[in-house]
Amino acid sequence: RLYREVLNRYHWAESAEAFTSFHAESGLLGISGSSAPLKSLDVTSVLAEHFGKLATQPVTDEELDRARNMLKCNVLTQLESRLVLFEDIGRQILTYGKREDSHTMSEKIDSVTKEDIMVIARKAISSPPTLATVGDDISKVPPYDQVAAAFQR
């Protein structure tokens, strides 16, 4: 969705992607993007808007299928590297106490529903967001309060 609705629509958006990191009792869900310094306010507003849409508008069947397929492809492709495979084994054992095979992982990805995504997005925006900014000129990045307010709309 970010590719189609952000990168294809706004020529000034240099990147837009979602990311996750999970652990035994916590996790991190986020969205990141980049632009030229003069477009910092615009990219921040657009990303906040799209994150908010996840909480209020279900993704389409096509978007959900595409996301599932992309995630499975990325995970399985990454596991072809022995270094990544060993890191994944260690992470899974520390997180779950066991190693899950690729079939089980694919089944779990396929079991994610539109409602699951909305519930997670609602939970994520119910807390104040964390904002990180990197660059030589961050003077056009909106103040934290303005970004936090954008997620509460």
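Under a crude label model (7 Å from the Cα following the beta-carbon direction), how far is SER81 from THR95 in nanometres?
With each label placed 7 Å out from Cα toward Cβ, I get 1.7 nm.
Determine how large the accessible area of TYR144 is when every protein chain is in place; take a 1.4 Å probe and give Å² rounded to the nearest 10.
TYR144 has an accessible surface of roughly 90 Å² with all protein chains in place.
Does the chain classify as rounded, prolate or oblate by the C-alpha gyration tensor (a ≥ b ≥ c root eigenvalues; a/c under 1.5 gives rounded; else a/b over b/c gives prolate, otherwise oblate)?
prolate
Calculate, for ASN8 and SER126, the FRET efficiency according to 1/(1 + (r/R0)^6) with r their C-beta to C-beta distance and R0 22 Å; round to the nearest 0.05.
It comes to 0.15.
So which aspartates and glutamates can LYS98 reach, going by Cα to Cα under 17 Å and dropping same-chain residues fewer than 8 places off?
Partners found: GLU25, GLU87, ASP88, GLU107.
Test of understanding: in a Gaussian network model of the chain with alpha carbons linked when under 10 Å, which of ALA121, ALA132, ALA16 would top the mean-square fluctuation ranking?
Looking only at ALA121, ALA132, ALA16, the biggest GNM fluctuation is shown by ALA132.
Given the options SER34, SER127, SER21, state which has the largest fluctuation in a GNM of the chain using a 10 Å cut-off (strictly under) for Cα springs.
SER21
In a shell of Cβ-Cβ distance under 14 Å around LEU29, excluding LEU29 itself, what net charge do Lys and Arg (+1) and Asp and Glu (-1) give?
0
Holding the Cα-Cα limit at 24 Å, pick out from LYS53/LYS123; LYS72/LYS114; LYS39/LYS114 the pairs that are longer than that.
LYS39/LYS114
So if R0 is 30 Å, what FRET efficiency would LYS53 and HIS103 give, r being the distance between their Cβ atoms, rounded to the nearest 0.05?
Using R0 = 30 Å, I get an efficiency of 0.40.
Which loop GluC sites (Glu not before Pro) in the stretch 59-153, with loop taken from DSSP, have no more than 10 other Cβ atoms within 10 angstrom of their Cβ?
Of the GluC sites (Glu not before Pro), the ones in loops of the stretch 59-153 whose Cβ has at most 10 other Cβ atoms within 10 Å are GLU80.
Top to bottom by accessible area (1.4 Å), largest first, where do ILE120, ILE89 land?
Correct descending sequence by accessible area is ILE120, ILE89.
For VAL134 and SER111, FRET efficiency with R0 = 35 Å and r from the beta-carbon atoms, rounded to 0.05?
Calculated transfer efficiency: 0.50.
Sort PHE22, PHE86 by accessible area with a 1.4 Å probe, largest first.
Greatest to least solvent exposure: PHE86, PHE22.
The values are calculated or read from the model by the stated rules, or taken from the named source; none is laboratory data. Since the model is a prediction, treat every value here as computed from it, not as a measurement. Virtual Cβ from ideal backbone geometry, glycine too; neighbours counted across all protein chains shown. Accessible surface areas use protein heavy atoms only, side chains included; no ligands, DNA or RNA. Shrake-Rupley method; radii C 1.70, N 1.55, O 1.52, S 1.80 Å.
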